[in-house]
Amino acid sequence: MKVASTKLNIDVESIRKDFPILSRQVNGKPLVYFDNAATSQTPQQVIDVIVDYYSRYNANIHRGVHTLSQEATDAYEQARIKIQEHFNAAKPHEIIFTAGTTHAINLVASGFTTLLKEGEEIIVSTLEHHSNIVPWQMLCERTGAKLKVIPMNDNGMLKMDEFDKLLSEKTKLVFVNHVSNALGTVNPVKEIIEKAHAVGAAVLLDGAQAAPHIKADVQELDVDFYAVSAHKMCGPTGVGVLYGKEEWLQKLPPYQGGGEMIATVTFEKTTYADLPHKFEAGTPDICGGIAFGAALDYMNSIGFNNIAAYEHELLEYATEKLMQIEGLRIYGTSTEKTAVISFNIGDIHPYDIGTIIDKLGIAVRTGHHCAQPVMDYYNIPGTVRASFAFYNTKEEIDIFVEGVKRAKNMLS
Ligand code: C6P
């Protein structure tokens, strides 16, 4: 597909050639993949790393003296360092490999069971994905702590004056997403962190939807925990990381017991390994961790500033085109947004639009997007969500908009 992108330092035509899946057909039409917030596609450079791992040095790590095990261990620990550098963590052992964002959040929630007391308070926001709500509800059930919620407004932005009112000396933890998956809102996380720290509360940012678009600097943010998934940033599924400040990771007890996370084991007493291994029980997704490092290399070779600028152009283009469709309402109109458009047309069910445009080769997500409180706020069952990546094009948006118009005509 021809891409005109003269203003931007990004060659989309050549980038698209890196993604084999983008040249496939779906239902007899060229694939238009606009479900990037659910999972992104994988470039050949990352696929090659996965094939190379299983072809040449598949072995268990941290336990073998043989060459394959050492090669695998080196590559895995190199990936940890790449991830540390990418997020500007102070130390490699502040990067804990997890199965993804959900696992990372549950690790922290489990750890706070012994640190939180009855009557203390946790703050989350209305904009959260269920994986940044349910673990905290479960933590409250275990500890007797109370969950408070920052409300949102019609634009899909957090009401920061209400956040101010919720904060008190009882607040121990604040959990918000950096970017909302349902609406694309970029939250004022720096302000949230400063205000939470002022009352002595720790902050976890769910970075699942921010990391593919914004290069977060955890030291600059001064955030206590940051959770991400590799599969949303050109890496494989089933792997992610939790960044944690060393002081917090030292305070939290291990999440799971097993091999790798121990220093010594007797039936009388077990002592735990140092960071990061204390939180990495069992054989991890070794290939996944290595491929995550390769995915970051790939994205950094394009450049996050270039990615953000290009995606913003796609967002503006698509928003303008979609707004011309009568009866279409976009949910989430914050001035700070990533390239996500959630919308409905009149009372047409989002599922019906998604099903019709799938026949035209177009992939979007429909439903509540695991963010039911956001849908409840707007009093809707769900939306159609189109989410763009740096390998999408304006030509694809034209096809998508025509598809949506066709669906509307068929369903009205
Ligand atoms: N959101 C979406 O379509 P996992 O599944 O652990 O990789 O990520 C969970 C998660 C946590 N927080 C946010 C903000 C997310 O968006 C997601 C995943 C996908 O929006 C799949 S539900």
Inset, instruction - Set Lys and Arg Cβ to +1 and Asp and Glu Cβ to -1, take the dipole of the chain about its Cα centre, and tell me which of Met157, Leu249, Thr114 lies farthest positive. - result: Met157
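Using only alpha carbons, build the gyration tensor for segment 16-75 and give me the equivalent ellipsoid semi-axes, biggest first, whole Å. Intermediate values should be presented prior to the final figure.
Working: eigenvalues 245, 27, 14 Å².
Ellipsoid semi-axes (Å, largest first): 35, 12, 8.
Taking 0.36 nm per residue of sequence separation and subtracting the Cα-Cα distance, how much length would be gained by fully extending the chain between Lys159 and Thr67, in nm to one decimal? Please report the intermediate quantities before stating the final value.
Working: separation 92, 0.36 × 92 = 33.12 nm, distance 5.56 nm.
Extra length available between Lys159 and Thr67 comes to 27.6 nm.
Given 0.36 nm per residue, what is the gain on full extension from Lys91 to Thr319 after removing their alpha carbon distance, in nm? Present the calculation step by step, with values, prior to reporting the outcome.
Details: separation 228, 0.36 × 228 = 82.08 nm, distance 4.10 nm.
My answer for the length gained is 78.0 nm.
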Legend entry - Rounded to 10°, Cα long-axis angle of helix 44-56 versus longest principal axis of the chain: 40
Inset, instruction - Pull up the DSSP beta bridges for the chain and report the antiparallel fraction as a percent, rounded to 5. - result: 60
Inset, instruction - Show Tyr53, Tyr351 ordered by accessible area, largest first, where the area counts protein heavy atoms only and the probe is 1.4 Å. - result: Tyr351, Tyr53
Inset, instruction - Go through Leu275, Leu68 and list them by solvent-accessible area, largest first, probe radius 1.4 Å. - result: Leu68, Leu275
Legend entry - the chain, relative contact order in percent, only Cα pairs under 8 angstrom and at least six apart counted: 23
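Given a Förster distance of 25 angstrom, what is the FRET efficiency for Asn27 paired with His312, based on the Cβ-Cβ distance and rounded to 0.05?
Details: r = 30 Å, r/R0 = 1.21.
According to the calculation, E is roughly 0.25.
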Inset, instruction - Note down the magnitude of the dipole of segment 155-256 about its Cα centre, charges +1 on Lys and Arg C-beta and -1 on Asp and Glu C-beta and zero elsewhere, to the nearest 20 debye. - result: 280
Inset, instruction - Please build a GNM for the chain, connecting alpha carbons under 10 Å apart, and tell me which residue among Lys394, Lys251, Lys172 fluctuates the most. - result: Lys251
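Dipole size in debye (nearest 20) for segment 113-217 around its Cα centre, Lys and Arg Cβ +1, Asp and Glu Cβ -1? Don't skip to the end; give the middle numbers.
Working: 11 positive and 14 negative charges, 33 e Å.
About 160 debye.
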Legend entry - Accessible area (Å², 1.4 Å probe, nearest 10) - Lys215: 100
Legend entry - Unit charges at the beta carbon, dipole of segment 47-300: most positive-side option, Leu275, Ser125, Pro135: Pro135
Legend entry - Protein-only accessible surface order, largest first, of Val186, Val134 at 1.4 Å: Val134, Val186
Legend entry - In Hz, Karplus ³J(HN,Hα) per residue of segment 131-139 (6.51, -1.76, 1.60; θ = phi - 60°; x = Gly, Pro): 6, 10, 10, 4, x, 6, 4, 5, 5
Legend entry - Derived scalar couplings ³J(HN,Hα) [segment 308-320; Karplus, 6.51 cos²θ - 1.76 cosθ + 1.60; whole Hz; x for Gly, Pro]: 4, 5, 5, 5, 5, 5, 4, 4, 5, 4, 5, 4, 4
Legend entry - Within a Gaussian network of the chain (alpha carbon springs, distance under 10 Å), most fluctuating of His66, His312, His129: His66
Inset, instruction - Specify the residue with the greatest mean-square fluctuation among Thr264, Thr113, Thr383, computed from a Gaussian network of the chain linking alpha-carbon atoms under 10 Å apart. - result: Thr264
Inset, instruction - Amide H neighbours of Ile262 under 5 Å, at least 5 residues apart or on other chains, H built in the peptide plane: list them. - result: Ala273
Inset, instruction - Might you work out the accessible area of Lys91 for me, using a 1.4 Å probe with all protein chains in place, and round it to the nearest 10 Å²? - result: 80
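How large is the dipole of the chain about the Cα centre if only Lys and Arg carry +1 and Asp and Glu carry -1, each at its Cβ, rounded to the nearest 20 debye?
Here the size comes out at about 660 debye.
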Legend entry - Inter-label distance for Thr113 and Asp52, nm, one decimal - labels placed 7 Å from Cα along Cα-to-Cβ: 4.1
Legend entry - Amide H within-cut-off set for Ala202, under 5 Å, with H built and near neighbours excluded: Leu173, Val174
Legend entry - Calculated [θ] (222 nm, deg cm²/dmol) that DSSP helices of n ≥ 4 give over the chain, each run adding -39,500 (n - 2.57): -12000 deg cm²/dmol
Inset, instruction - At 7 Å along the Cα-to-beta-carbon direction for both Asp398 and Glu169, put a label point, then send me their distance in nm to one decimal. - result: 6.4
Legend entry - Tyr331 long-range amide H proximity, modeled H, under 5 Å: Ser342, Phe343, Asn344
Inset, instruction - Just read off the accessible area of Cys287 with the full protein assembly in place, 1.4 Å probe, to the nearest 10 Å². - result: 10
Inset, instruction - Using only Cα atoms, find the angle between the long axis of helix 101-111 and the longest principal axis of the chain, and express it within 0 to 90 degrees, rounded to the nearest 10. - result: 40
Legend entry - Under Karplus coefficients 6.51, -1.76 and 1.60, residue-wise ³J(HN,Hα) of segment 191-197 in Hz, glycine/proline x: 5, 4, 5, 4, 5, 5, 5
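The values are calculated or read from the model by the stated rules, or taken from the named source; none is laboratory data. Every value quoted in this text rests on a predicted model; they were computed, and no experiment measured them. Virtual Cβ from ideal backbone geometry, glycine too; neighbours counted across all protein chains shown. Remember, those area values only see protein heavy atoms, side chains included, never the ligands or the DNA or RNA. Shrake-Rupley method; radii C 1.70, N 1.55, O 1.52, S 1.80 Å.
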